[in-house]
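Visitor: I'd like to ask you about the structure that follows.
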Amino acid sequence: MNEVSFVVNGREVSGEVEGRTLLSEFLRENLRLTGTHVGCDTSQCGACVVHVDGNAVKSCTMFALEAEGSNVLTIEGMANEDGSLGVIQQAFQDHHGLQCGFCTPGMVMSASALISENPDPSEMEIRDYLEGNICRCTGYHNIVKAIQAAAEATRTQAA
Amino acid sequence: MYNFDFERPSSLADAIVALAQEDSQALAGGQTLIPTLKNRLANPAKLVSLMAIDDLQGVAVGDGVVCVKAATTHVAAAAGAAGSFPALAELAGNIGDPAVRNRGTVGGSLANNDPSACYPAAALATGATIVTNLREISADEFFTGMFGTALGDGEIITEVRFPVPDAANYQKFEQPASRFALVGVFVARFGDRARVAVTGASEDGVFRWVEAESALFGNFTKASLDGLELSPEGLIGDIHGSAEYRAHLTKIMAGRAVAAC
């Protein structure tokens, strides 16, 4: 077993893990942060996307020990401090950007990374960025609308 | 997944020592290796992550060469090469999806030599030099068949030097589920001479289409390829496309790449 420690959603965490323990597994099983979903476990679906040092990654395709010393942000870190929904989460609710909701944590984390990189993404840019996030309910239209609205709201907030 | 020991050295020297141990394997971005381990298709005693080694990160541009350090992610390579070698930047920026590009590396892609990966086409078409901790290997010598490379046990790619062509373009026909190349063609022109590298098509992995290179010599136009046919013999045929289809696609994508140069 190895000791791993890093920061998750602003909180320092540590634990004993095996070499093969995936970041997604550590987040869900050890830290009980079960908002990060594992849909396919084969790097295809993107339900497990989290940010590591600001970059969106698939937490099912990274070992927990690779996150040593890094700063991890999960869906649990996306709400406002008072517990209300964050801008992107609220936009998903307002625009009906989810049905069953299983893919939503990954969608929100990818959307957040996109908006940081590109504050005013076009519809095509949003669809291209979501290439690695699969949703089997919505047909994506309302997810795209939600991200456009969230980007606009973020720009307004920043202005 | 079978269990293994894990090391994450911060220097190349420590990585070389760790990799000298029996059944040790290097881990770069892991975007291919981790799925492989999950399927129990590999059983290393130890994984040695190369991602915490600063000397293996970054892109340097100069003297007509773009030098990409081995553990540079696709996102970072795309950003670093954008000004000096746009075709390479575009290739790196279209691998997989954004989350994969934030982890996957040039060194990992070349060392794995997946027959449908994008980077091998760029390396072969530009005549890149693959630099390891032991030696320099030309791209023509490096790729030795599907998933095969000239790398020895414990040998680590440290950087890849891509000569910047006078004109270049990469055309990828995507397998839409995996975003790997069903067929991808990288065309690079240096003066009169063109190099044409094809990925995704052959059972031997990436290859140079020498007939196309001859046809383009001194007459670098899409029309120069009109009379050519690539034999489907030895090409990949699977549920995504027959060998004949891939042969056809190779010519189409080569033509598009030349036209876009």
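The values are calculated or read from the model by the stated rules, or taken from the named source; none is laboratory data. Model, not experiment: these values are computed from the prediction. Cβ atoms come from the backbone with ideal geometry, glycine included; neighbour counts cover every protein chain shown. When the accessible area is computed, the model is the full protein with side chains, heavy atoms only, and any ligands, DNA or RNA have been set aside. Shrake-Rupley method; radii C 1.70, N 1.55, O 1.52, S 1.80 Å.
Visitor: Would you work out the relative contact order for segment A:2-77, in percent, from Cα pairs under 8 angstrom that are 6 or more residues apart?
Guide: 39 percent
Visitor: In whole Å, how far is the Cα centre of segment B:100-132 from that of segment A:1-30?
Guide: 31 Å
Visitor: Quote the charge dipole size of segment B:1-111 about the Cα centre in Debye, to the nearest 20; the model charges only the Cβ of Lys and Arg (+1) and of Asp and Glu (-1).
Guide: The calculation lands at about 340 debye.
Visitor: Given a Förster distance of 35 Å, report the FRET efficiency between residue B:150 and residue B:228 from their Cβ-Cβ distance, rounded to the nearest 0.05.
Guide: In this case the efficiency is close to 0.75.
Visitor: Follow-up. When a/c is below 1.5 the answer is rounded, else prolate if a/b is larger than b/c, else oblate, so apply that to segment B:133-177 with a ≥ b ≥ c taken from the square roots of the Cα gyration tensor eigenvalues.
Guide: It is oblate, given that a/c is not under 1.5 and a/b is not larger than b/c.
Visitor: Further, regarding this structure: With every protein chain left in place, what is the accessible area of residue A:42 in Å² (1.4 Å probe, nearest 10)?
Guide: It works out to around 70 Å².
Visitor: While we're looking at this one, here's another question. Can you spot the lysines whose alpha carbon is less than 22 Å from residue B:251's alpha carbon? Ignore those fewer than 8 places along the same chain.
Guide: B:172, B:222
Visitor: Separate question: Taking trypsin sites (Lys or Arg not before Pro) as candidate sites, keep only those in a DSSP loop with at most 15 other Cβ atoms within 10 Å, then name the longest stretch of chain B containing none of them.
Guide: So the longest stretch without any such site is B:136-261.
Visitor: Report relative contact order for chain B in percent, whole number only (criteria: Cα-Cα under 8 Å, sequence separation at least 6).
Guide: 15 percent
Visitor: Still on this structure, please answer the following. Name the residues of segment A:1-26 whose accessible area falls by at least 50 Å² when all protein chains are present instead of the chain alone, probe 1.4 Å?
Guide: Buried by the other chains: A:20.
Visitor: Skip the ligands, DNA and RNA, and give the accessible area per residue of segment A:87-158 with a 1.4 Å probe, whole Å².
Guide: 49 Å²
Visitor: May I pose another question? Skip the ligands, DNA and RNA, and give the accessible area per residue of segment B:54-163 with a 1.4 Å probe, whole Å².
Guide: Averaged over the residues of segment B:54-163, the accessible area is 34 Å².
Visitor: With Cβ to Cβ distances under 14 Å as the rule, what net charge do the other residues near residue B:130 carry (K, R +1; D, E -1)?
Guide: Combined, the nearby Lys, Arg, Asp and Glu give -2.
Visitor: Positive end of the dipole of the protein assembly as shown, charges at C-beta (+1 Lys, Arg; -1 Asp, Glu), about the Cα centre: which of A:38, B:15, B:94 has its Cα farthest in that direction?
Guide: After comparing all options, I get B:94.
Visitor: Further, regarding this structure: Among all the lysines, which ones have a C-alpha under 27 Å from residue B:38's C-alpha, if same-chain residues fewer than 8 places away are not counted?
Guide: A:58, B:46
Visitor: Oh, and also: Looking at the square roots a ≥ b ≥ c of the eigenvalues of the Cα gyration tensor of segment B:43-159, which shape do they give, rounded for a/c under 1.5, prolate if a/b is larger than b/c, or oblate?
Guide: Rounded, since a/c falls under 1.5.
Visitor: With charges set only on the Cβ (+1 for Lys and Arg, -1 for Asp and Glu), what does the dipole of the protein assembly as shown come to about its Cα centre, in debye to the nearest 20?
Guide: Approximately 780 debye in magnitude.
Visitor: Tell me, what is the percent relative contact order of segment B:142-261, built from C-alpha pairs under 8 Å that lie six or more residues apart?
Guide: Reported as a whole number, the value is 25 percent.
Visitor: Could you check the simple spin-label distance between residue A:29 and residue B:211, using points 7 Å along Cα→Cβ, in nm with one decimal?
Guide: Result: 5.4 nm between the two label points.
Visitor: Identify, among B:32, A:140, A:60, the residue whose Cα sits farthest towards the positive end of the charge dipole of the protein assembly as shown, taking +1 on the Cβ of Lys and Arg and -1 on the Cβ of Asp and Glu, with the dipole about the Cα centre.
Guide: So the residue we want is A:140.
Visitor: Now for a different question. Please give me the summed charge of the neighbours of residue A:130: other residues whose Cβ is under 13 Å from its Cβ, Lys and Arg +1, Asp and Glu -1.
Guide: Counting the neighbours of residue A:130, the net charge comes to -2.
Visitor: With a 1.4 Å probe on protein heavy atoms only, work out how much accessible surface B and A bury together, total over both chains, in Å² to the nearest 100.
Guide: 2100 Å²
Visitor: Ignoring any ligand, DNA or RNA, what whole percent of the accessible area of chain B comes from carbon and sulfur when the probe is 1.4 angstrom?
Guide: 48 percent
Visitor: Cα gyration tensor of segment B:5-49, axes a ≥ b ≥ c as square roots of the eigenvalues: rounded (a/c below 1.5), prolate (a/b > b/c) or oblate?
Guide: Oblate, since a/c reaches 1.5 and b/c is not below a/b.
Visitor: Restricting to DSSP loop positions (anything but H, G, I, E, B) with no more than 16 other Cβ atoms inside 10 Å of their own Cβ, which chymotrypsin sites (Phe, Trp or Tyr not before Pro) remain in segment B:194-261?
Guide: Here the chymotrypsin sites (Phe, Trp or Tyr not before Pro) that fit, given the DSSP loop and packing criteria, are B:217.
Visitor: Taking the Cα centre of segment A:9-159 as the origin, how large is its charge dipole in debye, to the nearest 20, when only Lys and Arg (+1) and Asp and Glu (-1) carry charge on their Cβ atoms?
Guide: Roughly 400 debye for segment A:9-159.
Visitor: Here's a follow-up. Nearest 0.05, what FRET efficiency do residue B:260 and residue B:204 give at R0 = 30 Å with Cβ-Cβ as r?
Guide: Rounded to the nearest 0.05, the efficiency is 0.70.
Visitor: A follow-up question, please. Show me the trypsin sites (Lys or Arg not before Pro) within segment A:57-159 that DSSP assigns to loop and that have at most 12 other Cβ atoms within 10 Å of their Cβ.
Guide: A:136
Visitor: Between segment A:32-58 and segment B:237-255, how far is it from one alpha carbon centroid to the other, in angstrom?
Guide: Here the two parts' Cα centres lie 34 Å apart.
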